[in-house]
Amino acid sequence: MTFGNRPRPDRPEHLRLPDPEGPFPPTEEMLSEPVPEEVQEQQRKRLRAAWKTPQGWRYFTAVNNSEVGRWYALTAFAFFLLAGLLALAMRVQLSVPENDFLTSSQFNQFFTMHGSAMMFLFAVPIFESISILLLPAFLGSRDMPFPRLSAYGYWCFLIGGIFVMGSLLFGAAPSSGWFMYPPLATEVEGIGADIWLLGLSFIEVASIAAAVELIVGTLKCRPPGMRINIMPLYAWYVLVVGGMILFAFPPLIAGDFLFELQRSFDWPFFDPERGGDPLLWQHLFWIFGHPEVYIVFLPSIAIAAMVVPTAAQRPIVGYSWIVLSAVGTGFISFGLWVHHMFATGLPALSLGFFSAASEAVVIPTGIQLFAFVATLMVGRVKMSQPMLWIAGALAVFTAGGLTGVMVAIAPFDWQVHDTYFIVAHLHYTLFGGMVFPVIAGIYYFYPFITKKRMSDRLSRWAFWLIFSGFNITFLPMHLTGLLGMPRRVYTYPGDLGWSGLNLISTIGAFIIAAGFAVFTWDLLRPKGKQQLTPRNPWKGGTLEWSHAVPAEAWGARSIPYVTSRYPLWDQERIVERMDAGRYYLPDSKKGLRETLVTSVMDATPEFVARITGPAWITIWAALFTGGAFIFPTFHMYPPAIVSGILAVACIIYWLWSATARVPEADSMDAGLGLRLPVYASGPKAVGWWGVWITMLGDTTAFASLVFGFFFYWTGRPDFPPEGAVHAQPLLVAAGVTALAISWALTVQARNVNRRGNAGGARLALIAGTGAAVLSAAAFILSLTLPDMDPKAHVYPATIWALTIWTLAHIGVGIIMQGYCLAGSLAGKMTPKYDADLANSTLFWHFLCLTGVVTGAVTGLAPWVL
């Protein structure tokens, strides 16, 4: 096929962006043509200059995926070690009866922070960090589509993690459990619960930012020819897990929003005396909490999916079945959350449904594991460092899965709920399904990351210490739980038969610690005298093993044309041609950082994206965002507001100065005779996809708040209470109407701008901004005029919460309208180059839907229901 211009009726001819031009796919004759050595050297020189990593203090401004991913992974591992030390302290306390090594308050803080750190500061961040580090290499790409977003997410993660874990040093850490159940957590004195709520909400910003980055990178930054059905299995798992993060984290964010409104302003969402219900928090938390188990598990399976074919030296068996099973696991995981609530008195019908769903999730999980076993059976397996850990993972996870089947049965769960049987089950699942595979991945990818190898001898020592210590620690806990020992107790009498088992578990915990000490030393020990590892030491078949040795910051030397799931095995001379710059984007003639963007399904080249480089602004934006979350912990609201304003200002500056810039030319030579545009707007643009995916997550959080309204309505006879004051329906209708007018004017601004009428677009944006302000005013007056008191009952509190959420989004919409207006006046946005307005219009589609639903719930539902 040959690219050519295609008619697009939405724009006049002179305002259309060019289409790709030239031959595609490349022929063998084109690929066989040699590149002169002097040309190759000049290309490499320009690429090194464009992708140079900053030096000195400016090193921390780096945004390369290789640097940010390494920071992210090491920071997550540090939090893992800290959480492990907390676990050791707890095991010392429980080693003998009536121990006083820790006070009850310290023990409560330690188990709360152990669980919180492991789940929020290690389990999800380690997946995202490894993916940021490796995904571009899997895809033969230069970098992720939003490098500064990755860096911003990392600095948010670091600041939030230090804030949350640092509370331990002052005895102010949260102490109500990593699940923060009300009323205990809502009524507890001190700032510990606020640190958990606001600090971890801040960290969740980083998680969602990374998920957006990874999803867009997988969909839009694959190499030409890598259709969606031949991309590496790891990329499939990134898509599935990224989607799960988008739909699992927002309910927790919505719950945190309600929780903090009660903690700070006494709005009674979880207070039964004023119409609230503590079970709403459990629903919102576990709608997040159980999918998170699979958010943790599936990336580790993804690592196994890369290690196993290499160990077997043959393609994976059942590629399509594995993909379908991963998608099925992610889907079913959202129907399991109530099995954490079997003991809350739910109807028997609900128990039966969720018990069956908990059993059903075994089926897609088993398909994936059997596919790996089948691959090993038909291949020629050589036991290596990574395979040893994969074998251990399979054994441990299988045991955890068997106990999972047991606790999925409601009557058995009633007996062992909140006992050490659950502690044992949880750790068998997470260690086998996550920790062991992650360590396998570290050994496997270490030569790619550092160009060195870890020690075979130390690897075996670490494995057997951790594997044996783990089973010595947690296997006895099954019996401890069956004997009745409850979780989260800091001491116990000596005549209950638990003493010997607890002492064995404590000894095992220290054996685990010895194993991790060996592993950590092997990971971090100086290796300066060690020779560089040859390229592709494991003889893998995927693109990451085409990496340069010694390391180069540019990612792929040239972006290949891919026709196979294992191109290094199946495509002759592909690495040689990549090194020679025979494929796409072999140069950086303008000195800019560039990567190729392709179509979602078939990976057809669409345009060349010019991505952002090093900057301090990401650090400043993260610091001020942190202030907006951290200051309210201490009820310091003016500094929080100032921090929020400065964070928004930093992000606006970052977007204005570095994104959607008008190019000096419409297209460029991308190599192999192909000319590609250097600008895109609408669904072709990575920014449009970023907004779309972000708003899916945002809408999920909003839907969780709406769920809260109907949860109260179905579960409480006094919702709304007798004689309740309602929102003024006419003002609510006026607010919705004004918001719809503002949305229509924004859409009109985009349309007339594309037709070349920049002045008309500016007028529409000005009018749209005015309509949005009127909408916000109407929504506020609809609640203040009837004097709805959110402290009096959960009904007005819920109406206020929905309205505040909508008002915040109207504020963002107004900022976007103003940003586009300023861009049009400054020449940053033109009728031809209108990505900012296209992205803002997409946001307004979601905002209009939010406003309509808010109006229906607050202004119409109370009268109808």
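Looking at Phe122, Phe127, Phe111, can you tell me which residue is outside any loop (DSSP other than H, G, I, E, B) and touching a Lys or Arg at 6+ places or on another chain (Cβ under 8 Å)?
The match here is Phe111.
In the range 765-809, how many are closer than 18 Å to Thr841 by Cα and buried (at least 23 other Cβ atoms within 10 Å of the Cβ)?
5
Search the range 514-541 for residues that are among the charged types (D, E, K, R) and pair each with any residue that is open to solvent by less than 40 Å² (accessible area, probe 1.4 Å) and not in a helix (DSSP H, G or I) when their beta-carbon atoms are under 7 Å apart and the residues are at least 6 apart or on different chains.
Asp522/Met454; Asp522/Ser455; Lys527/Lys452; Arg535/His547
Name every residue in the range 430-449 that is β-branched (Val, Ile, Thr) and more than 21 Å from the chain's Cα centre (by Cα), in order of residue number. Don't jump to the end; show me each part of the working.
Start the filter on the range 430-449 by keeping residues that are β-branched (Val, Ile, Thr), which leaves 435, 438-439, 442, 449.
Answer for the range 430-449, where residues must be β-branched (Val, Ile, Thr) and more than 21 Å from the chain's Cα centre (by Cα): just Ile449.
Which condition number does Gln368 fail, the rest of (1) part of a helix (DSSP H, G or I); (2) surrounded by fewer than 21 Cβ atoms within 10 Å (Cβ to Cβ); (3) not β-branched (Val, Ile, Thr) being met?
(2)
Looking only at the range 691-729, which residues are open to solvent by less than 50 Å² (accessible area, probe 1.4 Å), under 19 Å from Ile215 (Cα atoms) and among the hydroxyl-bearing types (Ser, Thr, Tyr)?
Listed by number, the residues that qualify are Thr699, Thr700.
State whether one or more residues within the range 706-724 are hydroxyl-bearing (Ser, Thr, Tyr) and within 30 Å of Cys820 (Cβ to Cβ).
no
Regarding Ala703, is this residue of a type in the set (A, V, I, L, M) and farther than 18 Å from Trp863 by Cβ? If you could, list the steps in order and put the result at the bottom.
On the way: of a type in the set (A, V, I, L, M): yes; farther than 18 Å from Trp863 by Cβ: yes.
The answer is yes for Ala703.
Being under 28 Å from Trp71 (Cβ atoms) and assigned to a helix (DSSP H, G or I) is the requirement here; does Leu532 meet it?
No, not satisfied.
I'm trying to understand the selection: among the residues of the range 259-309, which are open to solvent by 10 Å² or more (accessible area, probe 1.4 Å) and either within 16 Å of Leu197 (Cβ to Cβ) or in contact with an Asp or Glu (Cβ under 6 Å, 6 or more places away or on another chain) (or both)?
Listed by number, the residues that qualify are Glu260, Leu261, Gln262, Arg263, Ser264, Phe265, Asp266, Trp267, Pro278, Gln282.
Return a yes/no flag: does the range 312-326 have any residue that is of a type in the set (Val, Ile, Thr), in a helix (DSSP H, G or I) and under 19 Å from Pro250 (Cβ atoms).
No, the range 312-326 has no match at all.
Table: residues versus (1) modelled with pLDDT under 95; (2) open to solvent by 60 Å² or more (accessible area, probe 1.4 Å); (3) among the small types (Gly, Ala, Ser); (4) touching an Asp or Glu at 6+ places or on another chain (Cβ under 6 Å).
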{"position": "Ile316", "(1), (2), (3), (4)": "no, no, no, no"}
{"position": "Tyr319", "(1), (2), (3), (4)": "no, no, no, no"}
{"position": "Leu349", "(1), (2), (3), (4)": "yes, yes, no, no"}
{"position": "Phe354", "(1), (2), (3), (4)": "yes, no, no, no"}
{"position": "Ile363", "(1), (2), (3), (4)": "yes, yes, no, no"}
{"position": "Val381", "(1), (2), (3), (4)": "yes, yes, no, no"}
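Would you confirm whether or not the range 675-689 contains a residue that is surrounded by fewer than 21 Cβ atoms within 10 Å (Cβ to Cβ), touching a residue at least 60 places away in the same chain (Cβ under 8 Å) and outside any helix (DSSP H, G or I)?
yes
For every residue, the table says whether it meets (1) among the polar types (S, T, N, Q); (2) closer than 17 Å to Ile253 by Cβ; (3) open to solvent by 20 Å² or more (accessible area, probe 1.4 Å).
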position: Phe157; (1), (2), (3): no, yes, no
position: Ile162; (1), (2), (3): no, no, yes
position: Leu169; (1), (2), (3): no, no, yes
position: Ala173; (1), (2), (3): no, no, no
position: Pro183; (1), (2), (3): no, no, yes
position: Glu187; (1), (2), (3): no, no, yes
position: Gly190; (1), (2), (3): no, no, yes
position: Trp196; (1), (2), (3): no, yes, no
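Among the numbered conditions (1) open to solvent by 10 Å² or more (accessible area, probe 1.4 Å); (2) closer than 30 Å to Phe247 by Cα; (3) not in a loop (DSSP other than H, G, I, E, B), tell me where Leu739 comes up short.
Status for Leu739: all satisfied but (1).
Could you list, in sequence order, all residues of the range 441-472 that are of a type in the set (D, E, K, R) and not in a helix (DSSP H, G or I)?
Lys451, Lys452, Arg453
Kindly evaluate Leu94 against the criterion of being surrounded by 17 or more Cβ atoms within 10 Å (Cβ to Cβ), at pLDDT below 95 and either charged (D, E, K, R) or on the phi < 0 side of the Ramachandran plot (or both).
For Leu94, the condition - surrounded by 17 or more Cβ atoms within 10 Å (Cβ to Cβ), at pLDDT below 95 and either charged (D, E, K, R) or on the phi < 0 side of the Ramachandran plot (or both) - is not met.
Residues checked against (1) part of a helix (DSSP H, G or I); (2) among the charged types (D, E, K, R); (3) at pLDDT below 95:
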{"position": "Tyr234", "(1), (2), (3)": "yes, no, no"}
{"position": "Glu273", "(1), (2), (3)": "yes, yes, yes"}
{"position": "Leu280", "(1), (2), (3)": "yes, no, no"}
{"position": "Gly289", "(1), (2), (3)": "yes, no, yes"}
{"position": "Phe297", "(1), (2), (3)": "yes, no, yes"}
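Restricting the search to the range 224-261, which residues are in contact (Cβ under 8 Å) with a residue 60 or more places away in the chain and more than 22 Å from Pro299 (Cβ to Cβ)?
Result: Pro224, Gly225, Arg227, Ala254, Gly255, Phe257, Leu258, Phe259, Glu260, Leu261.
Identify, from the list Lys527, Lys539, the residue that is closer than 21 Å to Ala312 by Cβ and assigned to a loop (DSSP other than H, G, I, E, B). It would help to see each step written out before you state the result.
On the way: Lys527 fails: closer than 21 Å to Ala312 by Cβ.
That would be Lys539, the only listed residue that is closer than 21 Å to Ala312 by Cβ and assigned to a loop (DSSP other than H, G, I, E, B).
Out of Pro605, Pro614, report the one residue that is farther than 30 Å from Gln262 by Cβ, touching a strand residue (DSSP E or B) at 6+ places or on another chain (Cβ under 9 Å) and open to solvent by less than 60 Å² (accessible area, probe 1.4 Å).
After ruling out the rest, the residue left standing is Pro605.
Among the residues of the range 156-173, is there at least one that is touching a residue at least 40 places away in the same chain (Cβ under 8 Å), closer than 12 Å to Val68 by Cα and touching a strand residue (DSSP E or B) at 6+ places or on another chain (Cβ under 8 Å)?
No - not one qualifying residue is present in the range 156-173.
Please work out if Phe702 is out of contact with any Lys or Arg (no Cβ under 6 Å at 6 or more places or on another chain), more than 29 Å from Arg222 (Cβ to Cβ) and at pLDDT below 95.
no
Residue pairs, Cβ under 9 Å, 6 or more apart or interchain, first in the range 616-633 and farther than 26 Å from Tyr59 by Cα and in contact (Cβ under 8 Å) with a residue 24 or more places away in the chain, second open to solvent by less than 10 Å² (accessible area, probe 1.4 Å) and among the charged types (D, E, K, R). List them.
Pro632/Asp194; Thr633/Asp194
The values are calculated or read from the model by the stated rules, or taken from the named source; none is laboratory data. Note that the structure is a prediction, hence the values are computed from the model and not measured. Cβ atoms come from the backbone with ideal geometry, glycine included; neighbour counts cover every protein chain shown. For the accessible areas, the whole protein counts, side chains as well, though only heavy atoms, and no ligand, DNA or RNA atoms are used. Shrake-Rupley method; radii C 1.70, N 1.55, O 1.52, S 1.80 Å.
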